[in-house]
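So the structure is just underneath, and the comments pick up after that.
The values are calculated or read from the model by the stated rules, or taken from the named source; none is laboratory data. Quantities reported herein were computed from a predicted structural model and do not represent experimental measurements. Here Cβ is always computed from backbone atoms with ideal geometry, including for glycine, and neighbour counts include all displayed protein chains.
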Amino acid sequence: MRIVIPVEDTNGADAKLSRHFGRANFFAVVDLDGETKISFERNVEHEEIGGRGRRVSQKILDLKPEVLIVYQIGAGALAKLKNRVKIYKAEGKSVREVISAFMAGKLQPITEAECEGD
């Protein structure tokens, strides 16, 4: 299973989660098949204005995740992703904490936009 998580840095499993999907500096790509592997993709759109969420959503789709875990996500990004990726509300401050909560079944699905934004 592949999970994508917006993060602020590339500090492995201790990478700090970003509070906003489209403004994250990086995306942690966590592959859980077999040995857990974490890689990072730079979010080149993080400083752009207007429509950022939709463009970032395409980047996420290109990474081919089954799951996206975020603190919050705007309406445009949610509309583009919701029928193609399972989206969950993040709990925790690091990739490690979020993956642990996900594996324990503690994260709730996101079905509505939770922020003003793209």
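Yes/no matrix, rows are residues, columns are (1) closer than 23 Å to Thr10 by Cα; (2) in contact (Cβ under 8 Å) with a residue 60 or more places away in the chain; (3) crowded, with 16+ Cβ neighbours inside 10 Å:
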| residue | (1), (2), (3) |
| --- | --- |
| Gly74 | no, no, yes |
| Leu81 | no, no, yes |
| Arg84 | no, no, no |
| Ile87 | yes, no, yes |
| Ala90 | yes, yes, yes |
| Ala101 | yes, no, yes |
| Pro109 | no, no, no |
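Residue by residue, here is whether (1) under 17 Å from Lys80 (Cβ atoms); (2) modelled with pLDDT of 95 or more holds:
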site	(1), (2)
Ala13	no, yes
Ala24	yes, no
Glu35	no, no
Glu47	no, no
Gln58	yes, no
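I'd like to verify a number: residues in region 79-107 that are touching a helix residue (DSSP H, G or I) at 6+ places or on another chain (Cβ under 8 Å), assigned to a helix (DSSP H, G or I) and either more than 19 Å from Glu41 (Cβ to Cβ) or of a type in the set (Val, Ile, Thr) (or both), how many? Number of matching residues: 2.
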